[in-house]
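The next block holds one structure in the form of structure tokens; read it before the comments.
The values are calculated or read from the model by the stated rules, or taken from the named source; none is laboratory data. Computed from a prediction, not measured in an experiment: that's the story for all the values here. These accessible areas exclude ligands, DNA and RNA; they are computed on the full protein's heavy atoms, side chains included. Shrake-Rupley method; radii C 1.70, N 1.55, O 1.52, S 1.80 Å.
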Amino acid sequence: MSDKKPVFKPNKEFAKNANIKNMCEYHDLQDKAMEDYEGFWGDAAKEKIDWIEPFTNVLDESHAPFVKWFDGGKLNVSAQCIDRHLDSRKNKAAIIFEGDRGDIQTITYLDLYKHVNRFANLLKEDFHVKKGDRVVIYMPMIPEAAYAMLACARIGAIHSIVFGGFSSEALRDRIEDAEAKVVITADGAFRKEKPYMLKPVVDAALEGKTPVEKVIVVQRNHEDVEWVAGRDYSYNEMIERKSSKCEPEVMDSEDPLFLLYTSGSTGKPKGVQHNSAGYILWAQMTMEWVFDVKENDTYWCTADVGWITGHTYIVYGPLAMGATTVMFEGVITFPDAGRPWSMVENHRINQFYTAPTAIRVLHKMGEHEPAKYDMSSLKVLGTVGEPIDPPAWKWYYEEVGQSRCSIVDTYWQTETGGHVISPLPGATPIKPGCATFPLPGIMAEILDPATGEKVEVGEKGYMCITKPWPAQIRGVWGDEERYVKSYFGDVEKDGKPVYFTGDGAVYDEDGYITITGRTDDVINVSGHRMGTAEVEAAIKKHSNVAEVAVVGKPHPLKGEGIFAYIVLKSDDGIADEVEEVKAINNIIKKEIGNIALCDDMVFVSGLPKTRSGKIMRRILRSIAKNEEVTQDISTLEDPSIVEKIAAMVK
Ligand code: PRX
């Protein structure tokens with residue numbers, strides 16, 4: 001039997017008007033980029049960006065892997081996202097906000113301009129935030145989160161958003177690493193019609209010595225919060241007094257725009273740095289190509305602004321191209337699994353972008369919900385964050401997209417700034433679960449790490465990008481060496497280090513790329529990237545834990561779940577396993593947040609280690625999956641441990 005995947009051609013009517021209409025157009029663009037790389041990117045940057053001063057050089061690789069794009073150019077990203085639309089779109093909705101309780105706000109480009117300028121003046125005048133200062137944003141999904149980001153961009157401050165699900169310890173670590181002087185937060189917000197709180201988490205994070213001088217609090221749910229005199233200020237009280245005009249700071253192309261912390265293979269998260277021109281250019285181009293958003297379209301991405309998807313595809317990308325972006329405060333399955341589809345109907349949404357984990361949950365909880373709503377406005381459906389499994393893909397295609405919409409399986413990372421491998425909705429014949437081809441301008445190849453050669457069809461290799469691209473990570477905040485080692489230390493092509501994503505991938509007989517998952521100790525829980533070392537570091541804080549190893553295990557809804565093997569110092573604890581699990585989970589909650597809670601925890605008498613002390617995680621992964629251990633265990637310090645652990649897990 002053939003294992004060939006079915007192919008779904010783009011809808012012909014849709015393709016007629018798409019920005020990229022067929023594979024010939026795709027190949028023409030990619031050929032142009034290959035023949036004249038700098039010409040390709042230089043032309044795009046001239047056409048798409050409103051430069052205050054033009055750039056003089058497209059790409060400077062002389063200090064690779066530290067690269068500069070569009071050197072000499074001056075711009076301001078907030079002006080790119082707002083000011084330049086005022087002539088033609090001032091009354092167009094920039095953001096449509098839907099609150100948890102169904103409250104709706106429509107914010108036009110002119111409104112957005114005023115909100116952002118006021119916020120920028122507030123930061124500048126009252127909190128003395130200057131160009132280059134770091135501002136941490138710890139916010140719910142409300143429009144003020146977008147205003148805060150754009151206000152930072154306007155005055156040249158570098159924002160660092162910390163996802164609202166992170167704990168006070170995780171927030172503190174990120175604040176300290178970035179040496180932020182201001183935190184922008186909210187009292188809290190609403191979830192499932194009930195208020196929840198964020199400000200107390202900030203208070204706990206700022207206990208003791210901290211670089212933070214001031215905290216700005218947006219009052220969203222108006223619950224009581226503690227106010228620290230001289231440190232905490234109400235946004236709502238101060239903002240109205242601010243002028244709605246603030247000149248945008250003139251920024252160099254390579255001035256940093258933001259930091260975003262993400263997990264790596266060590267316990268310490270990395271502050272991924274993105275700079276101004278290259279990032280915004282690619283955010284805008286991928287919006288146009290991958291989502292094919294048109295002037296009158298309404299686009300909704302369900303991510304949180306705390307992740308890169310929220311940065312690029314809720315705020316910067318849609319606004320840079322002058323689109324209407326939907327922001328949603330609530331939970332997509334509340335009050336029932338028809339919520340997103342009722343939003344599609346109410347707002348006439350044209351592009352819908354979410355994660356496979358959300359698709360699986362919506363499928364499970366409301367298989368027939370989409371049929372109850374008018375879904376005819378939808379044109380493009382997107383997925384991101386993890387491979388999408390065939391049943392989820394099928395349901396998404398047939399029930400949500402009514403077998404009419406293209407599904408764009410967008411592969412990218414915090415570090416790539418925007419999509420790098422993805423179908424084009426009007427051009428690419430799609431195969432379920434396949435990210436398909438590199439986008440035009442992206443030189444992505446699956447390489448054999450040993451030889452640096454492109455792998456053969458069907459052979460697993462490393463997903464690499466062999467040339468710098470404008471939206472690529474520019475550094476790990478405060479750690480040049482970690483940047484070089486983490487991304488350019490594994491694969492060389494023609495004797496030159498190339499960017500390695502950390503993912504494995506494979507080509508099929510038609511050259512389609514399928515991402516096979518991480519090759520390092522990073523797991524993907526509900527589309528959230530989690531370093532196993534981070535979870536291990538948290539668990540080790542429990543005084544009775546001697547050793548721990550964390551691995552990922554396939555999970556029907558989350559994609560991957562967290563599986564922890566724990567060796568306790570004393571066996572007494574095992575007698576009270578429930579209490580021990582509770583205590584460890586409490587530590588994880590405190591150190592990282594609920595997103596890192598373990599799905600499975602087993603207490604074992606030892607871990608499978610080589611004689612040099614290295615934990616053999618592959619064995620642990622097999623046991624967690626209930627697979628037979630086929631690896632050679634003869635080199636282990638104590639081979640009998642494998643059987644003992646397997647017996648405990650069964
Ligand atoms: O393993 C890949 C997976 O998510 C990782 C990036 O995670 P993060 O930086 O948090 O960004 C998530 C949103 C862009 C990648 O290294 N990943 C992302 N998209 C896909 C994917 N795996 C398979 N298919 C995808 N479409």
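For the reader, a short list of remarks on this structure follows.
- The Cα-based radius of gyration and maximum Cα-Cα distance (Dmax) for region 351-508 are 17.8, 57 Å.
- Over all pairs of different C-alpha atoms in region 223-296, the reciprocal of the mean inverse distance, the Kirkwood hydrodynamic radius, equals 17.2 Å.
- Ranked from largest, the principal axis spans of the Cα set of region 35-141 equal 52, 33, 26 Å.
- Equivalent ellipsoid of region 524-594: semi-axes from √(5λ) of the C-alpha gyration tensor, largest first, are 22, 12, 11 Å.
- Percent antiparallel among DSSP beta bridges (both partners in region 216-372, rounded to 5): 45
- Measuring with a 1.4 angstrom probe and ignoring ligands and nucleic acids, V578 comes out at about 110 Å² accessible.
- Sorted from greatest to least, the principal axis extents spanned by the alpha carbons of region 322-427 come out as 36, 34, 28 Å.
- Computed with the Debye formula from one identical point scatterer per Cα of the chain, without solvent, the log10 of I(q)/I(0) at q = 0.10 Å⁻¹ comes to -0.94.
- For region 30-86, the equivalent ellipsoid derived from the Cα gyration tensor has semi-axes of 23, 15, 9 Å, listed largest first.
- Bins of 5 Å from zero: percent of alpha-carbon pairs in region 158-239: 3, 15, 28, 26, 18, 8, 2, 0
- For region 521-649, the C-alpha radius of gyration divided by 2.2 N^0.38 Å, with N the number of residues, is 1.01.
- Solvent-accessible area per residue for the chain (1.4 angstrom probe, square angstrom): 39
- Counting every pair of alpha carbons in region 140-197, the share spaced more than 13 Å apart comes to 66 percent.
- Binned Cα-Cα distances of region 186-340, short to long, each 5 Å bin given as a whole percent: 2, 7, 11, 13, 17, 20, 17, 10, 4, 1, 0
- Beta bridges assigned by DSSP with both partners in the chain are antiparallel in approximately 60 percent of cases.
- The equivalent ellipsoid of region 285-329 has semi-axes of 16, 11, 8 Å, largest first, where each one is the square root of 5 times an eigenvalue of the Cα gyration tensor.
- Portion, in percent, of the accessible area of the chain that falls on carbon or sulfur, probe 1.4 Å: 48
- Cα convex hull, region 106-252: 111 Å³ per residue, rounded to a whole number.
- Per-residue ellipticity at 222 nm computed for the chain from its helices equals -8000 deg cm²/dmol, with DSSP H segments shorter than 4 residues left out and the rest contributing -39,500 (n - 2.57).
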